[in-house]
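The values are calculated or read from the model by the stated rules, or taken from the named source; none is laboratory data. None of these values were measured; they are calculated from a predicted model. Keep in mind that these areas ignore ligands, DNA and RNA; they rest on the heavy atoms of the full protein, side chains included. Shrake-Rupley method; radii C 1.70, N 1.55, O 1.52, S 1.80 Å.
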Amino acid sequence: MNATLPLFRRAFFDTWRSTLGWAAGLAAAAFLYLPLYPSIGGSAQMQDMIDALPAEMTKALNYDQIATGPGYAQATLFGLLGFLLMTIASVAWGAAAVGGDEESGQLELTLAHGVRRVQVVLERAMALLLRVVLLSGLVFVLVLVLNEPSQLGIEPANLFGATVLFAGLALLSGTAALCVGAVTGRKTYGLAAGAAVAVLGYVFNAVGRQSPDVEWLLNLSPYHWAYGNSPVVNGADWAAAGWLWGLSAALVALAAVALEQRDVGA
């Protein structure tokens, strides 16, 4: 294995079909939701529909923001369907990166070629990172293209910051899946861990917004760290972005240490 970053290149190019598939899904979500805004956003009918919903549901779904173009994009694409698609993709890739390979027996074969365990984790984490960045970049470009035709009125700087947070949020779930997969050697456990980060983050945000008595849950929600400031509307909270990306880096480091310390295939 004398080629530069062989595991990274293999991990990235072996998943190009799934990357294209998720890209198509995100593009479909953008073209499905955003062009609808001129006909429904800010209209009396839309406001009547929002007012008819229970206040708890409106807050949980972030529908209290959709009267404006940036709030509409925040709630529908970045905060709901786009978040769902990116999370599923990232968690699936992260769980398969080490845990999936070990379950299939491929990891032992890879290590038999003189590859270091730390190299396995780092290069596969790099492949995960690149896929997340590419998909997030696609979302940025699509929203930018649709911004004027859909009358969204999103500031490009705010869109960029929101995209950085969008990528960081998805990457955190993916690296959690990678880390637990590396610690346990089980893809299923990695999937559960990555899903837990995403689902609990979303639930804590939804519940924490309901009452001052449970606002403390917001501090435990990566979803709220990313979107509590409504970055498409108000610009990014760069401290929150630092936390999301920093925690992902820490999880990758923990995965590398854990894999180095334990028996593979045991």
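Translational diffusion coefficient of the range 149-197 (Stokes-Einstein, Kirkwood radius from Cα pairs, 25 °C, 0.890 mPa s): 198 µm²/s.
Given a 1.4 angstrom probe, I'd like the percentage of the accessible area of the chain that is carbon and sulfur, rounded to a whole number. Percent of accessible area from carbon and sulfur atoms in the chain: 65.
The mean of 1/r over all distinct Cα pairs in the chain, once inverted, gives the Kirkwood hydrodynamic radius of 19.2 Å. Heavy-atom accessible surface of the chain, averaged per residue, reaches 46 Å², computed with a 1.4 Å probe. A probe of 1.4 angstrom, applied to the heavy atoms of all protein chains, finds residue 155 with accessible area near 110 square angstrom.
Rounded to two decimals, the Cα radius of gyration of the range 217-266 over 2.2 N^0.38 Å is 1.62. Contact order, relative form, for the range 80-223: 35 percent (alpha carbon pairs under 8 Å, 6 or more residues apart, mean separation divided by residue count).
Every pair of different Cα atoms in the range 86-163 enters the Kirkwood calculation, which places the hydrodynamic radius at 14.9 Å.
Would you please classify the overall shape of the range 89-132 from the alpha carbon gyration tensor, given that a ≥ b ≥ c denote the square roots of the eigenvalues, rounded means a/c under 1.5, and beyond that prolate means a/b larger than b/c while oblate covers the rest? It is oblate, given that a/c is not under 1.5 and a/b is not larger than b/c. The alpha carbon centroids of the range 8-42 and the range 120-189 are separated by 12 Å.
Measuring nothing but alpha carbons in the range 148-231 and taking Rh as the Kirkwood radius, the Rg to Rh ratio lands at 1.10. Each Cα pair under 8 Å and six or more residues apart adds its sequence gap; the mean of these over the residue count of the chain is a relative contact order of 25 percent.
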